Amino acid sequence: MRYVDGFLLPVPKRNMKAYLRMAKAAARIWREHGALEYREAVGDDLAVKMGVSFPRRAKSKAGETVVFAWIVYKSRAHRDRVNAKVMKDPRLAAMMKDAAMPFDCKRMSYGGFAIKVAA
């Protein structure tokens, strides 16, 4: 079964254009190194009445929205190989400098997920 890296992060609305530029560049890097899919989705309908909303889970503040993102791989081993290449890519290193980040990396949630149901 395929494997997914998932991300949840609050992004200041004023930084969304810069964030999306960075995300598009990151998508190219991940895809060039073998990721099957790279998706970034910006919160649109987040005022839910059931469970814990994404903004609450992400501890978003006034003026922020939430981004839900995922990268798809063939397997966990494939993810590990792709990410090893991505982390050595100088283009990613240039983007990761704290001063250039359009969001607070310390508030990003991340995890790897084994897909068990696919319909």
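Read the figures in this text as sums done on the coordinates, not as results from a lab. As the structure is a prediction and not an experimental result, all values here were calculated from the model. Heads up, the Cβs are rebuilt from the backbone with ideal geometry, glycines too, and the neighbour counts pull from every protein chain shown.
Which listed residue (S53, M101, F68) has the Cα farthest towards the positive end of the charge dipole for the stretch 3-114, taking +1 on Lys and Arg C-beta and -1 on Asp and Glu C-beta about the Cα centre?
Among S53, M101, F68, the one farthest towards the positive end of the dipole of the stretch 3-114 is M101.
Based on the Cα coordinates of the stretch 65-119, what is the per residue volume of their convex hull in Å³?
Output value, Cα hull per residue: 116 Å³.
If the reach is capped at under 29 angstrom between alpha carbons, list the lysines near K97, excluding any in the same chain fewer than eight residues apart.
In chain and number order, the partners are K13, K17, K24, K59, K61, K85, K88, K106.
May I ask you to evaluate 6.51 cos²θ - 1.76 cosθ + 1.60, the Karplus curve with θ = phi - 60°, for each residue of the stretch 67-72 and list the ³J(HN,Hα) values in order in whole Hz, giving x for glycine and proline?
Listing the rounded values in order: 10, 10, 9, 8, 10, 10 Hz.
Please give the charge dipole size of the stretch 12-64, origin at the Cα centre, charges +1 on K and R Cβ atoms and -1 on D and E Cβ atoms. Round to the nearest 20 debye.
The calculation lands at about 260 debye.
Residues in the stretch 35-56, backbone N under 12 Å from the label point at L92 (7 Å along the Cα-to-beta-carbon vector): list them, ranges by number please.
Residues passing the 12 Å test: 35.
What length, rounded to one decimal in nm, is gained on full extension from K106 through to S75, with 0.36 nm per residue of separation minus their alpha-carbon distance?
This chain segment gains 8.5 nm when fully extended.
Output the peptides 8-14, 53-59 sorted from most to least packed, where packing is the average of other Cβ atoms within 10 Å over each peptide's residues.
Most protected by this proxy first, the peptides run 8-14, 53-59.
Where does the chain land at 222 nm, in deg cm²/dmol rounded to the nearest 500, when only DSSP H runs of n ≥ 4 count, each adding -39500 (n - 2.57), divided by all residues?
The helix-only estimate for the chain comes to -10000 deg cm²/dmol at 222 nm.
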